[in-house]
């Protein structure tokens, strides 16, 4: 039996070994596939360790295979991240189980939340819209709307790890996938911030200060977020300060960080849209660990 699980190999060797042991114990699998981000993480940070160093850690702890998700997957929303991973492991055909870390949540609870999102009833849509208009971020509003119908739903969906788990469960259900899901307690914070180095902070400063037409052509200057960045770029002092300034009250900081990375890498909005219409598996890398 083969099980898949998420890790970017950013934790200590001991913690990574603990995670893998739990994955194998709970799933009964004798082989494990680690699903990881590449040079840029889902928390909106450049990876502080190289892919080579992280693959060496995978080899040390005994992972059999690594799936490196495509760049656009890692720099997109957690929903696309979960969908892409679910699509890839479903198409792999030899993966039996996806082991998901969850914070104070059972699989049954997360499955119930996934069905709320799958049904997407009008009453739910209405409540979601109301909460978003009140100034909440999307994920805060979604959690609040889910909590209106499910006990503890809001609390559970404010945990990033649970959001990823629900997105994976939802995607697998949409695909009528044969891959089963199992939950284990969260081993470590998947979205733990690693910190931007001075080098990356300066890269962002350079991009922000480019002529407006260059900035706009690269990443859709007609968007409110892009316009806000142009209007306030003279206020840039450091990364954290500017990210908080642009995020305000109605955007998630992690989404702003990923937006900054796309800007630095000169990934156009059009590129992202075209990629989302393609097969999500086309840029993934399957790496066998010798």
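The numbers here are math on the coordinates, done by the rules we state, and not lab data. It should be emphasised that the depicted structure is a prediction, and the values quoted were computed from it without experimental measurement. Cβ placement follows ideal geometry from the backbone for every residue including glycine, while neighbour counts extend to all protein chains displayed.
Brief remarks on what is shown
- Once the Cα atoms are used to define both axes, helix 253-264 deviates from the longest principal axis of the chain by about 70 degrees.
- Per residue convex hull volume, Cα atoms of segment 117-158, in Å³: 59 Å³
- Rg/Rg_ref, segment 137-189, where Rg_ref = 2.2 N^0.38 Å and atoms are Cα: 1.23
- Each DSSP beta bridge with both residues in the chain is either parallel or antiparallel, and the antiparallel ones are about 20%.
- Helix 13-27 axis, angle to the chain major axis (alpha carbon atoms, nearest 10°): 50 degrees
- Kirkwood hydrodynamic radius (C-alpha pairs) into Stokes-Einstein, segment 37-171, 37 °C and 0.692 mPa s, D in µm²/s: 200 µm²/s
- Sorted peptide list for 42-50, 166-174, 146-154, 229-237, criterion being average Cβ within 10 angstrom, highest first: 166-174, 42-50, 146-154, 229-237
- Cα extents for the chain along the principal axes, largest to smallest and rounded to whole angstrom: 56, 48, 33.
- Interatomic Cα distance distribution for segment 1-105, bins of 10 angstrom, percent: 15, 48, 35, 2
- Crossing angle, helix 107-119 versus the chain [Cα axis fit, 0-90 degrees, rounded to tens]: 50 degrees
- Overall dimensions of segment 198-275 as given by Cα atoms, namely Rg and Dmax in Å: 11.6, 34
- Residue-averaged 222 nm ellipticity for the chain, from DSSP H runs of 4+ at -39500 (n - 2.57), nearest 500: -16000 deg cm²/dmol
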